[in-house]
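The values are calculated or read from the model by the stated rules, or taken from the named source; none is laboratory data. What you see is a predicted model; the values in this text were computed from it and never measured. Backbone-built Cβ (ideal geometry, glycine too); neighbour counts: all protein chains shown. Please note that ligands, DNA and RNA were not included when accessible areas were found on the heavy atoms of the full protein model with its side chains. Shrake-Rupley method; radii C 1.70, N 1.55, O 1.52, S 1.80 Å.
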Amino acid sequence: MSLDITPVASSRDLRRFIDLPWQVYDRTRHPQWVPPLRIAVRDALDTKGNPFYKTADRQLFLATRNGKPVARIAAIENRAHNEFHQDRVGFFGFFESLEDQEAATGLFASAAEWLRARGLTTMRGPMNPSTNHECGLLVRGFRWHPMIMTTWNPRYYQTLIESTGFAKAKDLLAYFFPLQGERSFSLPEQYRVHAERALRGRSLTFREISFNRFDQEVELCWDIYNSAWEKNWGFVPMSKESFLHEAKVLRYILVPQFTFIAEVNGDPAGFMIIVPDYHQAYKAVGNGRLFPTGLFKLLAAKKRLRTGRIMILGVKAQYRKRSIFALFADEMFRRGRAYGGIGAEASWILEDNDALVRPMMALGAKEYRRWRIYDRNTG
């Protein structure tokens with residue numbers, strides 16, 4: 001069958017781009033796959049409404065055989081990344097494909113050509129559309145469904161990508177902390193005591209984010225966020241507008257007791273966000289549509305969710321050497337057990353982030369999921 005690679009140029013093309021995963025996955029062969037909310041995918045691609053694209057651009061491509069879509073990709077120019085890192089990296093994302101190497105190869109060639117025309121010499125991904133969003137190709141931990149805002153893909157995706165010349169740039173890790181049963185995780189007392197001593201008499205308190213002052217609280221978290229991750233590989237500071245945009249999306253699925261700030265002598269030092277695993281509810285929605293019944297299924301599921309993802313744990317640089325992470329962990333375990341939680345995934349964590357990886361390994365935490373970011377030349 002003849003293969004065509006075409007840029008997405010119409011609203012019909014965009015619908016076909018968004019709909020394609022439902023042709024790649026099915027519940028029998030891929031029971032772990034979680035159908036995304038179409039409205040969320042559309043927002044991530046919206047060059048007019050999403051503030052991310054004020055400093056970025058993208059081109060979508062579809063691969064079709066005899067008119068039927070079989071694969072897709074986005075080529076992304078993130079100007080904020082290149083200004084911050086002083087390099088010429090372009091990105092690919094939103095990649096989905098049937099087991100069709102020719103189609104995948106054609107898409108990567110089209111994406112590379114689009115990036116090369118903009119003077120970008122490296123193509124990196126997958127990013128949907130950046131490290132501040134979903135990113136990485138799953139290469140280990142296929143047996144579990146993905147937690148919210150993380151990716152899952154069939155094993156053959158790794159072959160599709162690596163066969164076109166991509167090589168590993170960085171791996172991202174996930175750890176799971178069970179809160180019930182024989183393997184229930186708890187922070188050893190000596191870690192908590194050491195952390196409290198390291199504060200040297202300072203007063204540390206945790207408080208929940210006030211949803212009545214949501215915009216002000218988000219601005220405070222935005223400052224911590226950019227400070228906490230500024231030296232991380234691949235990090236790009238988020239604009240205040242982009243951070244608020246993403247926060248407003250999350251607002252409706254957050255649980256107050258798992259959205260809290262640490263203050264040291266009244267100074268905001270860090271914050272943690274644990275998001276309930278709404279992917280369990282997304283599976284029940286099935287078609288990715290909020291209406292006519294999807295929204296009610298999501299709302300009905302909220303009180304039943306007992307697992308979650310530690311999505312953000314950020315601490316200002318001046319407090320990191322005071323072992324404040326241990327006190328965050330202690331607070332998380334306490335709140336989780338009081339809530340009746342089953343467990344939480346901590347993700348994602350850079351494989352060479354020794355400040356987090358080593359303590360987790362010392363505590364006996366096990367890596368149970370791994371994603372990979374790839375690089376290749378655009379030439």
Return yes or no: is Ala329 assigned to a helix (DSSP H, G or I) and in contact (Cβ under 8 Å) with a residue 60 or more places away in the chain? yes
List every residue pair whose Cβ atoms lie under 9 Å apart, where the two residues are 6 or more positions apart in sequence or sit on different chains, the first residue falls within region 99-123 and is in contact (Cβ under 8 Å) with a residue 24 or more places away in the chain, and the second residue, located anywhere, is aromatic (Phe, Trp, Tyr) and surrounded by fewer than 16 Cβ atoms within 10 Å (Cβ to Cβ). Glu99/Tyr156
Looking at region 246-268 only, could you name the residues that are more than 25 Å from Ala44 (Cα to Cα), assigned to a strand (DSSP E or B) and either modelled with pLDDT of 95 or more or not β-branched (Val, Ile, Thr) (or both)? Phe260, Ile261, Ala262, Glu263, Asp267, Pro268
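When you check Thr378 against the structure, is it free of Cβ contacts under 8 Å to residues at least 12 places away in the same chain and of a type in the set (Val, Ile, Thr), yes or no?
no
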Can you work out which of the residues in region 122-178 that are outside any strand (DSSP E or B) and aromatic (Phe, Trp, Tyr) is nearest to the chain's Cα centre (by Cα)? Trp152
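Answer yes or no as to whether Arg42 is of a type outside the set (S, T, N, Q), farther than 23 Å from Ala281 by Cβ, modelled with pLDDT of 95 or more and open to solvent by 20 Å² or more (accessible area, probe 1.4 Å). Even if it seems obvious, please write down each step before you answer.
On the way: of a type outside the set (S, T, N, Q): yes; farther than 23 Å from Ala281 by Cβ: no; modelled with pLDDT of 95 or more: yes; open to solvent by 20 Å² or more (accessible area, probe 1.4 Å): yes.
Taking the combined requirement at face value, the residue does not satisfy it.
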Within region 89-121, can you find the residues that are in a loop (DSSP other than H, G, I, E, B) and either closer than 19 Å to Val70 by Cβ or under 26 Å from the mean Cα position of the chain (by Cα) (or both)? Leu98, Glu99, Asp100, Leu120, Thr121
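Which one of these is surrounded by 24 or more Cβ atoms within 10 Å (Cβ to Cβ), farther than 30 Å from Lys231 by Cβ, aliphatic (A, V, I, L, M) and modelled with pLDDT of 95 or more: Ala111, Ala104, Ala74? Break it down stepwise before answering.
Details: Ala111 fails: farther than 30 Å from Lys231 by Cβ; Ala74 fails: farther than 30 Å from Lys231 by Cβ.
Criteria check complete, one pass: Ala104.
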Output the residues belonging to region 285-307 that are surrounded by fewer than 12 Cβ atoms within 10 Å (Cβ to Cβ), within 19 Å of Gly340 (Cα to Cα) and at pLDDT 85 or above. Arg304
Filtering region 20-56 for residues that are free of Cβ contacts under 8 Å to residues at least 12 places away in the same chain and in a helix (DSSP H, G or I) leaves a count of 1
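Among the residues of region 186-245 satisfying the criterion of being assigned to a loop (DSSP other than H, G, I, E, B) and hydroxyl-bearing (Ser, Thr, Tyr), which is nearest to Ser130 (Cα to Cα)? Steps first, please.
So in region 186-245, the residues assigned to a loop (DSSP other than H, G, I, E, B) come out as 186-188, 199-203, 209-210, 230-239.
From what's left, hydroxyl-bearing (Ser, Thr, Tyr): 186, 203, 210, 239.
On the way: Ser186: 33, Ser203: 37, Ser210: 28, Ser239: 13 Å.
Restricting to residues being assigned to a loop (DSSP other than H, G, I, E, B) and hydroxyl-bearing (Ser, Thr, Tyr), the top hit is Ser239.
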Here are some conditions: (1) buried (at least 21 other Cβ atoms within 10 Å of the Cβ); (2) over 18 Å from Ala174 (Cα atoms); (3) at pLDDT below 95. Phe271 meets all but one. Which one does it not meet? (3)
